[in-house]
Each structure stands twice: as C-alpha cells, then as structure tokens.
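Take a look at the structure set out below.
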Amino acid sequence: MNDGTKDRLKEEEDSLFRHLAPDTPEVKKIKSLQGLEYEYAEYIGTVEYSIARYFYEANRKITDRDAALALKNIRKNCSRNISFFNQDLEKETVRSLIEVLKEKPVTLHELKLVIDYVLEVIDNRSWMEDEQAYIKWVAYIMDFFTKEEKEEYEKSIKKLAAEMGLSSKHADLMLMKGEEEDYFEFVEEYGEEYGEEHGDVGEYGSVEGYGEKNEGEKKEKKGEREKLTEERLTEGELNEGELTEEELMAEIESKFLSMNDSEKFDFLLDNGQEFYELTGLYISELAEKREFARIQELYSRLTAKYEDFLYLYVIMGATYLEIDPALAKYYFEQALKALDKLEGLSDSTRERLRDSFLSMIGKIG
C-alpha cells in the first residue's frame with residue numbers, strides 16, 4: 001500500500017468532532033448567528049463555498065433540498081468519520097470544515113449554529129419558487145459562473161423582479177451589487193428574532209404609533225378618522241360619538257376587512273396615511289398571498305401622494321425583511337429620510353425612532 005493510499009484512508013477516518021473546542025457556558029448562550037455573521041464568516045463561507053463548488057463542478061442537478069438534507073445530516077453526525085457519509089457533497093463539506101477547524105477551532109454548539117445559519121439562508125430563498133434558487137445564488141455570489149452564466153443569471157433575477165413589480169435598482173440589490181456586495185450582509189430572517197427581543201414588530205413596530213407620541217397629532221387624526229368613517233365607511237350605520245377611539249378603529253377595521261381587494265386598494269389610496277394601520281394590514285395580506293406586484297403598485301401610488309409616509313416605509317421594510325433583506329434595508333433608509341422631514345414629533349421621540357432605524361439598518365448590514 002503506497003503512501004498516497006494510506007493518507008486517503010487516514011483522512012477518511014478523520015472527523016469534525018476531533019477538531020472542535022470544548023463548549024463553554026458563554027458560547028452556549030449564543031442562540032443564533034444573526035448579527036454575528038462577520039465573526040463566523042470563515043465557517044459560513046466554507047460551507048457555502050463547498051456547496052457552490054459541488055454544484056458547479058460536480059452536479060448541476062443538485063437542488064436546494066439536496067443541500068439542506070446534506071447539511072442536516074452533517075449536523076446530526078458531527079462525531080462521525082468522513083467515511084460515514086455517503087454523499088459527495090457531505091464529504092466535501094466536512095473535509096473543508098476540518099481544514100478550517102484545524103487552524104481556528106470552534107465548539108460543537110458554534111458549528112451547529114453555523115449550519116443552522118446556512119439552512120436558514122437556503123430556506124429563505126424558497127419564495128423564489130425555483131428548486132435551485134439558493135444553489136444558483138451562492139454559485140453566483142462565490143463567483144463560479146462564467147461571464148455568460150452571470151449575465152444569464154442576472155437576467156433571470158431582473159425578470160423575477162419585474163414580475164414582482166420591483167425596479168431594476170431593486171433587482172441589483174437582490175444580486176448584492178454595489179453597497180450590498182458582501183453577501184454576509186444579507187441577514188436572513190432577522191425580523192423574527194428582532195421582534196422577539198423588542199416587541200411585536202421589533203422596535204420599529206413602535207413607529208405604528210409615531211403620531212400617538214404627539215397628543216396634538218393624535219387628536220387631529222382621531223377627528224380625521226371619524227369624518228372619513230362617516231363619509232366613506234359607515235353610510236349611517238355607525239354613531240362615532242358613542243364610540244371610544246379603540247372601538248371606532250375596531251369598527252373601521254371590520255368594515256375594511258369586508259371590502260373586496262379593489263375597494264381596499266381605492267380606500268387606501270384616498271386615506272392610507274390617516275388609516276396607516278389598515279395600510280399595514282393590507283400589505284401584510286398581499287404579502288401572504290405573494291402578490292408583490294400589487295404591493296409595489298400601492299407603494300408607488302401612495303409615495304406619489306404622501307412623500308413622507310413614514311409608516312409605509314416601515315411596513316415595506318418589515319414585509320421584505322425575510323424575503324430580501326437588502327431591499328428591506330432600502331426601505332428603512334427611506335424611513336430615516338422621512339423622519340427628518342416629519343413635523344410634530346418631540347425631540348426625544350425623533351431621536352428614539354432614529355436610533356431604532358439606524359440599529360435595524362446596522363443589523364441588516
């Protein structure tokens with residue numbers, strides 16, 4: 001048996017577990033790598049590079065599901081030797097990780113978080129309705145594609161963006177061009193965790209009540225709502241003078257929900273800023289149905305009418321946070337600009353909202 005064969009057999013008996021550092025109480029406190037992408041970039045990048053290389057050089061038919069199953073098997077069997085794994089993608093990923101761990105070991109808990117992170121990235125490409133959505137994207141990001149393949153991929157993304165009603169600028173954000181060039185700045189599913197830490201929709205959710213921080217604006221909007229309710233919704237069915245503000249809003253929402261899509265759209269075009277909660281509700285409904293072109297149509301019409309519609313930018317950011325974080329970042333930046341133009345806010349409220357927006361933008365990347 002020659003030395004080359006011996007080396008290969010020895011390599012096959014190696015495992016991830018042999019190169020891991022001991023877990024510590026501090027490390028165990030880490031629940032997710034969201035916000036820690038740069039710290040773990042080398043490990044995340046190693047996993048994703050392995051997937052991209054295998055797809056491009058070995059198997060162009062591999063799907064996102066195949067990649068996810070391979071990672072789940074690695075995660076479940078970190079203590080197993082390389083020879084245990086049957087799939088070539090699994091073997092290649094494990095070998096690549098071992099090389100990194102030899103130089104910079106992490107704990108088992110951290111390694112599992114790395115794998116979980118990539119699994120989340122894969123899952124959050126499912127909205128594109130392409131069984132190779134993540135695979136193609138990571139091969140593009142990792143620069144495996146030829147010039148012609150890049151152009152073809154970019155063309156497909158721009159076509160998808162157009163079908164969703166997004167602009168070419170938005171398509172560039174999806175492709176991580178320009179300021180979004182570093183793909184680790186694409187923070188997947190950050191919104192859910194941020195919401196758990198800061199409330200219903202995260203700290204930016206408090207913007208839903210930005211007018212309520214100013215008593216004068218609050219009273220003014222209540223009057224507007226009562227008038228609009230009488231004119232457009234109630235047709236004599238409501239006696240707003242007998243209702244509290246909360247009861248009034250509940251009645252309005254009930255009426256709004258009974259409308260068909262066209263009626264909701266038209267109502268919000270006329271009254272979207274006054275009834276900003278219903279604007280958010282309608283956009284959420286459209287997002288659940290993946291009617292993104294309709295969302296963009298409403299957004300364009302409302303921003304043409306209300307230049308500084310702060311809450312609209314916030315709900316758009318929240319809507320795209322899991323689907324396309326780079327696009328979400330754009331909307332939060334628009335919210336920041338609108339905040340500077342918005343009158344009637346106290347200095348403390350303005351600064352608190354500014355801090356919230358800056359924090360969100362920073363967390364996205």
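The values are calculated or read from the model by the stated rules, or taken from the named source; none is laboratory data. Owing to the predicted nature of the structure, the values given are computational and were not obtained by experimental measurement. Glycine also receives a Cβ, built like all others from the backbone with ideal geometry; neighbour counts cover every protein chain displayed. When the accessible area is computed, the model is the full protein with side chains, heavy atoms only, and any ligands, DNA or RNA have been set aside. Shrake-Rupley method; radii C 1.70, N 1.55, O 1.52, S 1.80 Å.
Residues that are at pLDDT 90 or above, out of contact with any helix residue (DSSP H, G or I) (no Cβ under 7 Å at 6 or more places or on another chain) and either among the hydroxyl-bearing types (Ser, Thr, Tyr) or crowded, with 18+ Cβ neighbours inside 10 Å (or both) within the range 141-169 comprise just one, Thr146. Among the residues of the range 96-122, those identified as within 18 Å of the chain's Cα centre (by Cα), touching a residue at least 60 places away in the same chain (Cβ under 8 Å) and open to solvent by 20 Å² or more (accessible area, probe 1.4 Å) are Asp116, Glu120. Within the range 31-76, the set of residues being open to solvent by 40 Å² or more (accessible area, probe 1.4 Å) and not in a helix (DSSP H, G or I) comprises Lys31, Gly35, Leu36, Tyr38, Glu39, Ala58, Asn59, Arg60, Lys61. For the range 21-30, enumerate the residues that are open to solvent by less than 50 Å² (accessible area, probe 1.4 Å) and more than 16 Å from Pro105 (Cα to Cα). The one that is open to solvent by less than 50 Å² (accessible area, probe 1.4 Å) and more than 16 Å from Pro105 (Cα to Cα): Ile30. The requirement of being among the polar types (S, T, N, Q), open to solvent by 80 Å² or more (accessible area, probe 1.4 Å) and either free of Cβ contacts under 8 Å to residues at least 60 places away in the same chain or in contact with a Cys (Cβ under 8 Å, 6 or more places away or on another chain) (or both) is fulfilled somewhere in the range 81-89, by at least one residue. Apart from one condition, Val187 fits all of (1) assigned to a loop (DSSP other than H, G, I, E, B); (2) farther than 28 Å from Glu297 by Cβ; (3) at pLDDT below 65; the exception is (2).
For the range 123-140, which positions are open to solvent by 10 Å² or more (accessible area, probe 1.4 Å) and small (Gly, Ala, Ser)? Ser126 - this is the single residue of the range 123-140 that is open to solvent by 10 Å² or more (accessible area, probe 1.4 Å) and small (Gly, Ala, Ser).
Evaluate the following for Glu285: is it of a type in the set (Asp, Glu) and under 21 Å from Glu322 (Cα atoms)? So Glu285 passes the test.
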